[in-house]
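Chemist: Can you read through this structure? Questions will come right after.
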Amino acid sequence: MACSLKTGFSISCSNDSLLSSTPKGSLPIFPSVGNLQFTGSKPPRSFSVKVQASICVSRALRWWEKTLKPNMIEINSAQQLVDSLSNAGDRLVIVDFYSPACGGCKALHPKICQLAESNPNAIFLKVNYEELKTMCHSLHIHVLPFFRFYRGAEGRLCSFSCTNATIKKFKDALAKYGSDERCSLGPAKGLEESELLALASIGEVSRNVLLDNTIKEEDKQMEDLVLNGLDFSSSLVKDENKIGVNVMA
């Protein structure tokens, strides 16, 4: 099952039930909710607070760190994601967005590890939504587990959400884009320019990334012009040879 991304919840309670269960002559014990404080000698008879959900998992239960393969890399910042995509060259890169609280992500994790092991030339970048929420919001990640496939100068190839029940979608994309015979001319594109702009505007990545991306695009355009010029020259030579043959005849 895919997980929707909701983080807020509210807690309300009444002191009546707490006071009634407190032995006479003893101080009442109230539940601890964040840094909750009361003024005066007695707490209010009822109160309601909003708290932010947080995920605290012991190391023994950190399923997302288990059975990782050498080609699986945990991403710790937006800049690292940009750099990893840029430095991947022509290799297939799969970005895996997950959350420790997502049951679908946990169930799918062992299979993703198996697929990473059977596709050692591909790079699997794992993004913890809970740790990088700002970046994920900028990239419009609204459901988990979620995957994006990238390759070289082609940039993003596809993106989709899948679970154990729909793992065939992931396998089909891997078969389609994972062939080593595929190659693209020019430097790796990585994230879209609009995504880089969004990340740079909130300080998640360096603004130099935008300049580097512009230079890469200009280099690719120059390469295309050179290649097109060579093709045009070759066609002219062929045409001249044909004319020469006809005149000789």
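The values are calculated or read from the model by the stated rules, or taken from the named source; none is laboratory data. Quantities reported herein were computed from a predicted structural model and do not represent experimental measurements. Heads up, the Cβs are rebuilt from the backbone with ideal geometry, glycines too, and the neighbour counts pull from every protein chain shown.
Chemist: Examine the range 205-227 for a residue that is at pLDDT 90 or above and surrounded by 12 or more Cβ atoms within 10 Å (Cβ to Cβ), and state whether such a residue exists. Spell out the reasoning first.
Modeler: Of all residues in the range 205-227, those at pLDDT 90 or above come to 205.
Then keep just the ones that are surrounded by 12 or more Cβ atoms within 10 Å (Cβ to Cβ); that gives 205.
For the range 205-227, residues at pLDDT 90 or above and surrounded by 12 or more Cβ atoms within 10 Å (Cβ to Cβ): present.
Chemist: Scan the range 154-176 for residues that are in contact (Cβ under 8 Å) with a residue 24 or more places away in the chain, surrounded by fewer than 18 Cβ atoms within 10 Å (Cβ to Cβ) and assigned to a helix (DSSP H, G or I) and report the count.
Modeler: 4
Chemist: Now for a different question. Could you check the range 86-97 and list, in sequence order, the residues that are out of contact with any strand residue (DSSP E or B) (no Cβ under 6 Å at 6 or more places or on another chain) and buried (at least 16 other Cβ atoms within 10 Å of the Cβ)? Give the steps one after another, and end with the answer.
Modeler: Step one: list which residues in the range 86-97 are out of contact with any strand residue (DSSP E or B) (no Cβ under 6 Å at 6 or more places or on another chain), which gives 86-87, 89-90.
Within the range 86-97, SER86, ASP90 qualify.
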